[in-house]
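The values are calculated or read from the model by the stated rules, or taken from the named source; none is laboratory data. As the structure is a computational prediction, the values presented were derived from the model and not from experiment. Every residue, glycine as well, gets a Cβ built from its backbone with ideal geometry; the counts of neighbours run over all protein chains shown.
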């Protein structure tokens with residue numbers, strides 16, 4: 001039962017992440033400014049940390065969220081739990097690095113980046129919890145896993 005709830009939470013969070021990263025990717029390629037109430041989105045989105053070797057970080061985030069969702073939908077059992085946890089953890093760590101850059105280097109905050117960081121934090125918690133519960137023998141066999 002717990003495994004199923006965590007699985008559904010991970011699915012929901014991955015879709016929310018896709019929406020956020022998808023919006024930022026659209027904004028990038030459309031050449032428009034993101035809707036922003038914090039005032040820092042434009043500064044962050046135009047900083048040197050907004051792309052990696054010419055690839056927008058927003059697109060990398062979108063790909064990451066799609067990979068997490070794909071791992072949840074296409075894989076089963078331990079492979080699913082491990083892949084989704086590993087991908088979420090990598091995303092969480094990279095998001096932490098980018099948040100550090102926002103706070104201490106760029107000195108501007110993008111509300112969309114904060115939202116994505118929050119989603120990745122929750123995804124990492126949920127998917128790691130799910131992995132740890134299953135490795136402890138407490139996970140029940142479900143349609144999800």
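Going by the structure shown, is residue 75 farther than 23 Å from residue 107 by Cα and surrounded by fewer than 18 Cβ atoms within 10 Å (Cβ to Cβ)?
yes
Look at residue 52 and say whether it is within 15 Å of residue 98 (Cβ to Cβ) and either touching a strand residue (DSSP E or B) at 6+ places or on another chain (Cβ under 6 Å) or loosely packed, with under 15 Cβ neighbours inside 10 Å (or both). Spell out how you get there, then give the answer.
Working: within 15 Å of residue 98 (Cβ to Cβ): yes; either touching a strand residue (DSSP E or B) at 6+ places or on another chain (Cβ under 6 Å) or loosely packed, with under 15 Cβ neighbours inside 10 Å (or both): yes.
Yes.
Kindly indicate the residue of the stretch 100-122 that is in a helix (DSSP H, G or I) and over 15 Å from the mean Cα position of the chain (by Cα) and also surrounded by the fewest Cβ atoms within 10 Å (Cβ to Cβ) among those meeting that condition.
104
Just to be sure, is residue 91 assigned to a helix (DSSP H, G or I) and either touching a residue at least 60 places away in the same chain (Cβ under 8 Å) or within 12 Å of the chain's Cα centre (by Cα) (or both)?
Yes: the conditions hold for residue 91.
Among the candidates 66, 72, which residue alone is under 19 Å from residue 129 (Cβ atoms) and either out of contact with any strand residue (DSSP E or B) (no Cβ under 7 Å at 6 or more places or on another chain) or not in a helix (DSSP H, G or I) (or both)?
Being under 19 Å from residue 129 (Cβ atoms) and either out of contact with any strand residue (DSSP E or B) (no Cβ under 7 Å at 6 or more places or on another chain) or not in a helix (DSSP H, G or I) (or both) holds for just one of 66, 72, which is 72.
With respect to residue 87, determine if the residue is surrounded by 18 or more Cβ atoms within 10 Å (Cβ to Cβ), more than 14 Å from residue 9 (Cβ to Cβ) and at pLDDT 95 or above.
Considered against the rule, which asks whether it is surrounded by 18 or more Cβ atoms within 10 Å (Cβ to Cβ), more than 14 Å from residue 9 (Cβ to Cβ) and at pLDDT 95 or above, residue 87 comes out as yes.
Going by what's in this entry, would residue 59 be described as within 29 Å of residue 134 (Cα to Cα) and either surrounded by 13 or more Cβ atoms within 10 Å (Cβ to Cβ) or touching a residue at least 60 places away in the same chain (Cβ under 8 Å) (or both)?
It is false that residue 59 is within 29 Å of residue 134 (Cα to Cα) and either surrounded by 13 or more Cβ atoms within 10 Å (Cβ to Cβ) or touching a residue at least 60 places away in the same chain (Cβ under 8 Å) (or both).
Does the stretch 29-43 contain at least one residue that is surrounded by fewer than 17 Cβ atoms within 10 Å (Cβ to Cβ), at negative phi, more than 13 Å from the chain's Cα centre (by Cα) and modelled with pLDDT of 95 or more?
So far as the stretch 29-43 goes, yes, one or more of its residues are surrounded by fewer than 17 Cβ atoms within 10 Å (Cβ to Cβ), at negative phi, more than 13 Å from the chain's Cα centre (by Cα) and modelled with pLDDT of 95 or more.
May I ask you to verify whether residue 70 is closer than 30 Å to residue 104 by Cα and under 18 Å from the mean Cα position of the chain (by Cα)?
No, not satisfied.
Return the residues of the stretch 21-37 that are more than 13 Å from residue 58 (Cα to Cα) and touching a helix residue (DSSP H, G or I) at 6+ places or on another chain (Cβ under 7 Å); say none if nothing qualifies.
33, 36, 37
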